[in-house]
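> One structure coming up, written as structure tokens, with questions to follow.
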Amino acid sequence: MTQEFENASSCWKTILSDVSRNRGLLPLIEKFARENPSPAKIVFGTSGWRGEIGTDFTFNNVRIVASAIIEMLKEGDRAVMAAMGVSGFDEIKRRGVIVGHDNRFLGPVFAGEVIGLLRKAGIRTWYAGEATTPEFSAGIEMLQAACSINLTPSHNPANYAGFKFNPADGGPAGSEITTRIEEIANRMMDRSVLVPSSPEQCERVDLTYLYIQFIKDRKTIDLGRISDFLAGQDAVICVDNVHGATRGKVGKVLGVSGKIVYLRTEDDFLFGGIAPEPSEKNMAGVEKVLREAKSGLKLGVIMDPDGDRIRFADGSMQIPMNYFGAMAFHFLHVHKKIPGVVAKSVGTSNFVNAIAERLSAPVKETKVGFKNFRPYLLRTSGERAVVAFEESDGISGYNHTLEKDALFGLFLAIEMMAVTGKGLSTYLRDIMDEFGHYYPDRSGISVDHSLVGEPLVKRLSVVREKYGKGTSLLIGGAKRTVKDVITVDGTKLVFDDGSWLMIRPSGTEPKVRFYIEARTVEGKKAVFDTAERMTKEALGMT
């Protein structure tokens, strides 16, 4: 039967065309993953290395990446060790590495390969089994481990697997670390094929237990207040786990409650044929539960498979992170009296900027990628973040993990309801009435493959040169002046009415991405049209 498929990609295409009929082909994917000797180009993006199972993400290539990490740790390079937060390899061996996975196809087996190589190198190893990304981050700190390896591609479709590496502070690995892993791994691809290494017995660790202790120690989330709310209020909470590693976690943290409804907790390596992301479309099941519920207060969330992204609803509207992050800042700063700065990626709504300006809190805008929030999430930072969030559904906050955390988002939303007595959409409207209305969105266009990388960056730089501060232009027939130009990541033009657009090249695809924000719903199209026109002019496509 293997002969029917030339490679894993063609097999995956058939499986994903009808998951209910073709899930029986998964053993062929495992065969490709075990037997395919083809090298892969290893690139750690904003959140680790990802690849298609059986094509790039093979047993051999996983062993090579694990071996590259071990070689990097043994080298003891001063800059790398500083970024790792350790003194050298002896400390790493003693403090150890946590290894685990989400609940995707072959996750435990891939983890076994990694564990075997770590043990062979004399490194203490804990096996976490199925766990979420924020649990790894908290677990590193609670165990004082040297680092973790989490086999997950986050919200990517079912045909993908991934490899996340976190150093001793629990945050995403910085470029000092990932660049070295890439260099060694890609060199190994050219010269060798490693033989399988059988995993030896290692210590087990319950990361959910450690995560609960972490929350209690940090005190940003008040679990007692949440428990009282669930016990006493007329409320319903709907949690869609999308067959991911978040399943069972909320119940372990908050306890059994008849007011919490869980969706899609079963095993399903294929996620029912959908891309398991917290998208507007994927919220249909949550919204159905909320519509049918008679409770006075309603909250629904969907979380991605590794628990680092979340989207909200309350029966009246869906609330994306662009809004929820601003609400989180307002709640933590005003209601919980937590001082500090706002950390947000540059493509995120300026709604929080308006709130922060009135409350005299600085705003720190960073490049896309949660790892860029590290300077503001460290407990030793002089400018500590009240909240850190990005428009792509990731959030963390004061005294919490350096990784984005969907569970944190859920618990914070419940506590908001408990303290304010309001549903999320009511709270949001109240804040908007006080600080202004903002309507963000995003889109993009495809470009020729030959432009990916530096050529695209160079061509798009024309936008910032042509539209400097003080430049006037027409947007939807209205005259606007460029109030500010931000070039942290691409080019962001902020206009005098508070609307803005940002144009940036994708780092991995032949695409230009637009992020925009208007002050009215009707104004969104005009800002989008302006962003597209500027881009096409810069690329010579007009």
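The values are calculated or read from the model by the stated rules, or taken from the named source; none is laboratory data. Computed from a predicted structure; not experimentally measured. Counting neighbours? That spans all protein chains shown, and the Cβs are built from the backbone with ideal geometry, glycine included. Side chains are part of the model used for accessible areas, which takes the heavy atoms of the whole protein and leaves out ligands, DNA and RNA. Shrake-Rupley method; radii C 1.70, N 1.55, O 1.52, S 1.80 Å.
> Can you tell me the mean projection area, over all orientations, of the convex hull of the range 139-240's alpha carbons? Units nm², please. Could you put the intermediate results ahead of the total?
Values: hull surface 42.5 nm².
For the range 139-240, the mean projected area of the Cα convex hull comes to 10.6 nm².
> Ok, one more. Ignoring ligands, DNA and RNA, please state the percent of accessible area on the range 32-117 from carbon and sulfur, probe 1.4 Å.
Carbon and sulfur together cover 51 percent of it.
> Assuming 0.36 nm per residue, please report the length gained on full extension of the stretch Tyr262 to Lys525 beyond their Cα-Cα distance. Mind dumping the intermediate values first?
Numbers: separation 263, 0.36 × 263 = 94.68 nm, distance 3.71 nm.
So the chain would gain 91.0 nm between Tyr262 and Lys525.
> Something else: Taking 8 Å as the Cα distance limit and 6 or more residues as the minimum spacing, I'd like the relative contact order of the chain as a percentage. Mind dumping the intermediate values first?
Numbers: 1111 pairs, mean separation 60.7, N = 542.
Result for the chain is 11 percent.
> Now a separate question. At 18 Å minimum axial length over the Cα atoms and a Kyte-Doolittle cut of 0.5, report the qualifying DSSP H helices in the chain, or say none. Could you put the intermediate results ahead of the total?
Values: long enough: 59-75 (24 Å, 0.64); 107-120 (20 Å, 0.74); 175-191 (24 Å, -0.83); 406-420 (21 Å, 2.02); 454-466 (19 Å, -0.46); 524-539 (23 Å, -0.63).
Answer set is 59-75, 107-120, 406-420.
> Send over a whole-number figure in Å² for the accessible area per residue of the range 1-63, probe 1.4 Å. Write down the numbers at each step before the final one.
Numbers: 3150 Å² over 63 residues.
Heavy-atom SASA per residue in the range 1-63 reads 50 Å².
> Using a 1.4 Å probe over the heavy atoms of the protein chains, calculate the carbon and sulfur portion of the accessible area of the range 235-327 as a whole percent. Intermediate values should be presented prior to the final figure.
Numbers: 1640 of 3250 Å².
Carbon and sulfur atoms account for 51 percent of the accessible area of the range 235-327.
> Please sort by residue number the trypsin sites (Lys or Arg not before Pro) in the range 187-277 whose DSSP state is loop and whose Cβ has at most 12 other Cβ atoms within 10 Å. Please list the in-between numbers first.
Working: sites: Arg187, Arg191, Arg204, Lys216, Arg218, Lys219, Arg225, Arg247, Lys249, Lys252, Lys259, Arg264; in loops: Lys219, Arg247, Lys259, Arg264.
Answer by residue number: Lys219.
> Counting heavy atoms of the protein chains only and a 1.4 Å probe, report the per residue accessible area for the range 121-260 as a whole number of Å². Walk me through the numbers on the way to the answer.
Working: 5180 Å² over 140 residues.
So the range 121-260 comes to 37 Å² accessible per residue, rounded to a whole number.
> Let me ask another. Could you list the GluC sites (Glu not before Pro) in the range 2-64 that lie in coil according to DSSP, counting only those with at most 15 other Cβ atoms within 10 Å of their Cβ?
Glu6
> Of the accessible area of the range 391-434, with the probe set at 1.4 angstrom, what percent is carbon plus sulfur? Walk me through the intermediate numbers first.
Values: 340 of 920 Å².
That fraction is 37 percent.
> Counting alpha carbon pairs within less than 8 Å and at least 6 residues apart, what relative contact order, in whole percent, applies to the range 390-438?
Values: 21 pairs, mean separation 9.3, N = 49.
Once normalised by length, the contact order is 19 percent.
> Let me ask something else. List the lysines whose Cα lies under 18 Å from the Cα of Lys252, skipping any in the same chain that are fewer than 8 positions away.
Lys216, Lys219
> Okay, next question. As a test, work out the antiparallel percent of DSSP beta bridges whose residues both lie in the chain, rounded to the nearest 5.
Just about 60 percent of them are antiparallel.
> To continue, here is another question. Residues with amide H under 5 Å of Glu391's amide H, sequence separation 5 or more or different chain, H placed in the peptide plane at 1.01 Å from N; which?
Ser345, Thr348
> Then there's this: Between the range 452-483 and the range 26-79, how far is it from one alpha carbon centroid to the other, in angstrom?
Centre-to-centre distance over Cα atoms comes out at 40 Å.
> Roll a 1.4 Å probe over the protein chains and send me the accessible area per residue for the range 313-411 in Å².
Value returned for the range 313-411: 28 Å² of accessible area per residue.
> Can you compute the charge dipole magnitude of the chain about its Cα centre, using +1 on each Lys and Arg Cβ and -1 on each Asp and Glu Cβ, nothing else charged? Give it in debye, rounded to the nearest 20. Please list the in-between numbers first.
On the way: 69 positive and 67 negative charges, 143 e Å.
The calculated dipole for the chain is roughly 680 debye.
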